[in-house]
Amino acid sequence: MRRLLDIGINNLANMMHDMSKIAQECVTTAIDSYLNDEDAVNYVYSKAQQLTMLKDEVNDLAIELIIRYQPLASDLRYISSCIEVAYDFVRFARYAYDIAQVKTQLGNIASCDKDIIVRISNIVNDMLVKSIHAFNNKDMDTAKILVDMDDEVDSLYRVSLSGMINSKDVDIRCILANLLVIRYLERIADHTVYVGELVRYIVSGERMR
Amino acid sequence: MVRLWSYRDNGATEEYNNSYNDDYYIDTKVILASKGLGVIYGNKYAIMDVNIKIPKYSVTAIIGPSGCGKSTLIRCFNRMNDLLDAKVEGQVILNGVDIYSIDDVVEVRRRVGMVFQKPNPFPMSIYDNVAFGLRINGFKGDMDEQVEWALKEAVLWDEVKDRLDDNAYTLSGGQQQRLCIARALAIEPDVLLMDEPTASLDPIASTRIEQLITRLKERVTIIIITHNIQQAARISDYVGVMMIDDRLVGRLVEFGTTREVFENPKNKLTEDYISGRFG
């Protein structure tokens with residue numbers, strides 16, 4: 001027999017699914033806007049606002065489920081993790097907004113070499129997709145992959161930083177723009193790892209952070 | 001909630017794991033243990049092969065569906081099953097002594113008190129209810145002082161100090177239950193068994209009993225049976241989960257700290273039971 005709690009958990013999962021789609025859209029839109037020198041600040045901002053509202057709704061529903069049904073074990077782990085993952089999704093959008101703002105803040109960056117951004121953003125996009133898939137499907141194997149991918153992003157971040165310090169490029173705007181975007185991408189990667197850790201907690205009960 | 005658990009769980013898991021000595025007789029952190037414990041009514045096992053270690057000065061909740069042998073188990077802990085036509089196998093070790101190997105059952109029940117689901121005060125005054133156990137145990141000290149102490153321990157003194165001669169039946173249900181706890185505490189047991197002590201009480205009276213239990217564990221080890229999972233989560237330090245197997249025999253399927261069992265149970269049966277997926 002289906003429990004009343006299952007109906008609530010199903011609603012929560014649907015909300016998380018909606019949030020994940022918006023978060024993913026924010027990040028890809030922001031990266032594309034940076035690479036193609038387009039303005040997406042307002043669009044990403046509105047989506048980020050939408051995510052913040054959804055996060056509040058997720059928190060409300062999660063707390064209501066805890067109050068009403070006092071869930072335990074895997075139910076409790078899933079519901080409490082939704083609160084944390086909803087925050088991670090908001091962080092994705094927040095960093096996407098920061099990326100979208102770089103062009104506005106630094107002016108014309110159309111001529112900058114953005115190869116490193118393409119390289120890192122491909123990995124981070126893949127991490128984003130994997131973390132969302134892992135969460136929506138409670139897929140622990142996919143969640144585990146994220147740690148190695150994050151190491152790769154961290155390594156590229158360090159190498160890029162070192163390259164920028166020694167760069168002969170006199171256009172400081174390009175250096176600053178790329179540095180900021182790489183930093184935001186690196187933070188998005190960190191949050192995908194947090195989501196992966198929560199997937200592992202939901203499935204196995206093992207706390208990673 | 002997590003913070004509260006973390007506080008209560010402060011070192012408990014580590015301490016318990018460290019104390020998990022194979023020798024049931026010399027483990028000083030364990031006050032009561034059973035080893036290969038089984039109870040047979042007629043020719044049928046009610047519970048079988050129960051191995052459990054109850055840490056000192058803690059609250060251990062025994063949970064499980066109706067008919068899984070929870071009451072049968074705790075009634076072994078003070079040999080209450082002797083009063084029934086039951087055969088007990090295995091050992092119950094209290095402070096290093098197998099209670100089934102000794103003749104003095106009265107002493108066992110003095111060391112291990114019991115409180116039942118329905119308050120069962122004796123048809124006598126409030127004072128005499130508490131003094132009753134002391135008298136039959138030949139208490140030689142100051143009776144008034146001991147009665148007052150027990151009533152204070154049970155957080156009942158302020159409500160009854162001016163009416164100690166009133167009949168115990170004039171008390172409310174919650175007060176009667178606290179009187180029964182005072183009666184059990186008066187003889188200063190090492191272990192207090194509680195078989196669904198709040199099942200017949202309203203939420204306010206239940207809350208008072210729960211507060212009392214968490215306070216009492218500083219001086220007495222408490223083992224409580226409850227069907228209220230949330231109550232077990234609120235007040236216990238450790239949880240034992242009992243289930244019936246395919247032969248309808250009660251088994252202890254899981255034991256651990258409250259947080260472990262309720263956050264990340266190891267046994268699928270526990271997970272299903274505490275999550276309400278049973279049946």
Q: Determine by what factor the alpha-carbon radius of gyration of the protein assembly as shown differs from 2.2 N^0.38 Å, reporting the quotient.
A: 1.32
Q | Options B:47, A:5, A:87, ranked by Cα towards positive dipole end of the protein assembly as shown, top entry (Cβ charges) | A | B:47
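If eta is 0.890 mPa s and T is 25 °C, what Stokes-Einstein diffusion coefficient results for chain A, Kirkwood Rh from Cα pairs, in µm²/s? The partial results should precede the final answer.
Numbers: Rh = 17.9 Å.
In µm²/s, the coefficient rounds to 137.
Kirkwood Rh over Cα pairs of chain B into Stokes-Einstein at 37 °C, 0.692 mPa s: D in µm²/s? Before the final figure, lay out the partial values.
Details: Rh = 19.3 Å.
Stokes-Einstein gives a translational diffusion coefficient of 170 µm²/s.
Applying 1/(1 + (r/R0)^6) with R0 = 60 Å to the Cβ-Cβ distance of residue A:59 and residue B:103, what FRET efficiency is obtained, to the nearest 0.05?
Working: r = 62 Å, r/R0 = 1.03.
That pair, residue A:59 with residue B:103, gives E of 0.45.
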Q: Please work out the FRET efficiency for the pair residue B:272 and residue A:167, using the Cβ-Cβ distance as r and a Förster radius of 41 Å; give the result to the nearest 0.05.
A: 0.10
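Taking the Cα centre of the range B:207-264 as origin, sum charge times position over the Cβ atoms of Lys and Arg (+1) and Asp and Glu (-1), and report the length of that vector in debye to the nearest 20.
Values: 8 positive and 8 negative charges, 66 e Å.
Its charge dipole is roughly 320 debye.
Of all DSSP beta bridges in chain B, what percent run antiparallel (nearest 5)? Show your work: numbers first, answer last.
Numbers: 26 of 44 bridges.
Around 60 percent of the beta bridges assigned by DSSP in chain B are antiparallel ones.
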Q) What is the distance, in nm, between label points placed 7 Å from the Cα along the Cα-to-Cβ direction at residue B:89 and at residue A:118? A) 7.6 nm
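Could you calculate the FRET efficiency of residue B:204 with residue A:183 from 1/(1 + (r/R0)^6), where r is the beta carbon distance between them and R0 is 45 Å, rounded to 0.05? Present the calculation step by step, with values, prior to reporting the outcome.
On the way: r = 56 Å, r/R0 = 1.24.
In this case the efficiency is close to 0.20.
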Q) Where in the range B:91-125 does the amide nitrogen come within less than 19 Å of the point 7 Å from the Cα of residue B:40, taken along Cα to Cβ? A) B:91-92, B:100-101
(Q) For a test of the definition: using alpha carbon positions, the gyration tensor, and the 1.5 limit on a/c, classify the range B:27-120 as rounded, prolate or oblate. (A) rounded
Q. Under a Cβ-Cβ limit of 4.7 Å, which cysteines in chain A have nobody to pair with?
A. A:26, A:82
Q.
Using only the alpha carbons of the range A:132-209, what is the convex hull's orientation-averaged projected area in square nanometres?
A. 5.5 nm²
(Q) How far apart, in nanometres, would the label points at residue B:144 and residue B:170 be if each is projected 7 angstrom from Cα along the Cα-to-Cβ direction? (A) 2.0 nm
**Q.** Residue order, fewest to most beta carbons within 10 Å, for B:102, B:223
**A.** B:102, B:223
Q) Cα centroid distance between the range B:147-191 and the range B:197-227, in Å? A) 14 Å
Q) In nanometres, what is the gap between the two model label sites at residue B:161 and residue B:211, each 7 Å from Cα along Cα-to-Cβ? A) 1.7 nm
Q) Among the lysines, which have Cα under 16 Å from the Cα of residue A:138 when same-chain residues fewer than 8 positions away are ignored? A) A:130
Q. Going by how many other beta carbons lie within 10 Å of each one, how would you line up A:20, A:160, fewest first?
A. A:160, A:20
Q. Listed here are the pairs A:103/A:144; B:70/B:268; B:29/B:118; B:70/B:161; which of them are more than 28 Å apart at the Cα?
A. A:103/A:144; B:29/B:118; B:70/B:161
Q) Of all DSSP beta bridges in the protein assembly as shown, what percent run antiparallel (nearest 5)? A) 60 percent
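Where a number appears in this text, it was derived from the coordinates with a stated rule and is not lab data. For clarity, every value in this text was computed on a predicted model and none was experimentally measured. Note that each Cβ is placed from the backbone with ideal geometry, even for glycine, and that neighbours are counted across all protein chains shown.
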